[in-house]
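What follows is a short report on a single structure.
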Amino acid sequence: MKALGEKARKVWRDEEGQTIVLAALCMTLLLGFVALSVDVGLMFHAKRVMQTAADCAAIAGALETNYGDVTGAAKGDAALNGFTDGTGGTTVAVNNPPLNGAYKGNKAYVEVIVSSAQKTYFMNVFNRKSVNVSARAVATLGTTQNCIYTLNTSGTDISISGGANVQTPECAMFGNSSNSSALLMNGGGKLNAAAVNLVGNYSISGGASSSVTPTTGIAPVSGPLAFLPKPAFNAASCLLDPKYGYGPHSVSAGGGTVCYKAFTTGGGGTVTFAAGLYIINGAMSLQAGSTVTGTGVTFYFPPGGSFAIANGATFNFTAPTSGTYNGILFYQDRSNSTAPTFAGGATSTLQGILYFPDANVTWNNGTNTSTYASIVAGSLTFAGGTNLKNYADVNTSTPLSSARLVE
């Protein structure tokens, strides 16, 4: 009996096999953590992809703040990144102004919130079939290095030849032409730019050189000032060409708008424009030997209007920095393809945006001209020395802008 009792006690005290039980329990727990980490990892990946979509959508929406299509642009861009509003449990909310954050209520900012129910795999064991993931972004428009836009979709958009020396190190250029010579440089032409971006290709030969290698194959750029309204005027009420000759002359728009059938300044004439909007329903010609000054001025050329500055003319023009035509110095109607020429003396000053969306602009100013300008043209020909600085340096509220993320 004693031996039998001792044997029973040994059986009860025997711990063999407990390790297997503990290992099984730990393995179950470990597999649970692995499963959870896999699902959490998938959620983090979904969050990153969704954040990219929200960022891009906010930028796309901000770019449309001047065109009235913020929501459509933002949702369209989100869809391109795989998140279509109302599809597969996805919601894309676009708020302009934002409903949350530091820029709440500010119409200059666009808020995009992308959310979607992301399917789980291992968490199904705990009856959690999906997890809602969301991403938020806020964007607005700000100053930009993009100073030159050419909008023609065929032919040569930007031409630099005949020894032209184009110095615009602060500015990026955009060309919409799909031509193999969208940028054409030859004859010893030189270009120093921040960047050159082309839909088509480029040709650099004949001793010409560029400080940067152009980027090709970009998507076409929409007309950056297509939102600008056309000034309304009655052609019958336009004043006759004053044909200002020798001596000082003052011109006023009465603090508003005035229209001329044409406008000519002759040699020895000194003409001062008061601030305002000047509609030239014919030819505006600043002839050699004349000096023309205007601060806070915008010149509009409807169909039939044209503009030319002769070599040897001195001009000092500054655009307004507020109002409907903030930053707009020259505005030629979008259906007016008459080609303007900018020449002038070495002591001239030019500050503002040159908007000739359907015309070829010939730029032949001296390198000493103080020029803070942005150019939007059908095409652009540089035919002389040019030192072009970014207009945003002197007007941070310029309507030519680029979108940036702020949240």
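The values are calculated or read from the model by the stated rules, or taken from the named source; none is laboratory data. Just so we're clear, the structure is a prediction, and the values are computed from it rather than from any experiment. Neighbour counts are summed over all protein chains in view; Cβ atoms, including those assigned to glycine, are modelled from backbone coordinates with ideal geometry. Please note that ligands, DNA and RNA were not included when accessible areas were found on the heavy atoms of the full protein model with its side chains. Shrake-Rupley method; radii C 1.70, N 1.55, O 1.52, S 1.80 Å.
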Checklist line | Matching option when the condition is modelled with pLDDT of 90 or more and surrounded by 17 or more Cβ atoms within 10 Å (Cβ to Cβ), among ASN106, ASN95 | finding: ASN95
Check: What are the pairs, 6+ residues apart or on separate chains, where a residue within the stretch 63-88 that is without any contact (Cβ under 8 Å) to a residue 12 or more places away in the chain has its Cβ under 9 Å from a residue that is part of a helix (DSSP H, G or I) and surrounded by fewer than 15 Cβ atoms within 10 Å (Cβ to Cβ)?
Finding: GLU64/GLY72
Check: Counting only residues that are surrounded by 13 or more Cβ atoms within 10 Å (Cβ to Cβ), assigned to a strand (DSSP E or B) and of a type outside the set (S, T, N, Q), how many does the stretch 240-268 have?
Finding: 7
Notebook entry, point to check: Any idea which residue in the stretch 54-71 is most open to solvent (accessible area, probe 1.4 Å), counting only those that are over 14 Å from the mean Cα position of the chain (by Cα) and within 11 Å of ALA139 (Cα to Cα)?
Noted result: ASP55
Next item on the list: Would you check which residues across the stretch 285-305 are within 19 Å of ASN316 (Cβ to Cβ), in a strand (DSSP E or B) and within 31 Å of the chain's Cα centre (by Cα) and list them?
Entry: THR293, GLY294, THR295, VAL297, THR298, PHE299
Margin query: For the stretch 118-159, which positions are of a type outside the set (Ser, Thr, Tyr), at pLDDT 90 or above, over 22 Å from ALA60 (Cβ atoms) and part of a strand (DSSP E or B)?
Written below: ILE148, ILE158
Check: Looking at the stretch 306-336, which of its residues are closer than 19 Å to GLY266 by Cα, among the small types (Gly, Ala, Ser) and crowded, with 20+ Cβ neighbours inside 10 Å?
Finding: ALA313
Notebook entry, point to check: When the stretch 171-193 is examined, which residues are found to be of a type outside the set (Gly, Ala, Ser) and closer than 19 Å to GLY384 by Cα?
Noted result: CYS171, MET173, LEU183, LEU184, MET185, ASN186, LYS190, LEU191, ASN192
Checklist line | Single condition THR272 does not satisfy, out of (1) over 30 Å from ASN192 (Cα atoms); (2) part of a loop (DSSP other than H, G, I, E, B) | finding: (2)
Next item on the list: Read through the list (1) outside any strand (DSSP E or B); (2) more than 30 Å from TYR149 (Cα to Cα); (3) open to solvent by 80 Å² or more (accessible area, probe 1.4 Å), then give the number of the only condition that PRO220 fails.
Entry: (2)
Notebook entry, point to check: Going by the structure shown, is LEU350 modelled with pLDDT under 90 and either in contact with a helix residue (DSSP H, G or I) (Cβ under 9 Å, 6 or more places away or on another chain) or in a strand (DSSP E or B) (or both)?
Noted result: yes
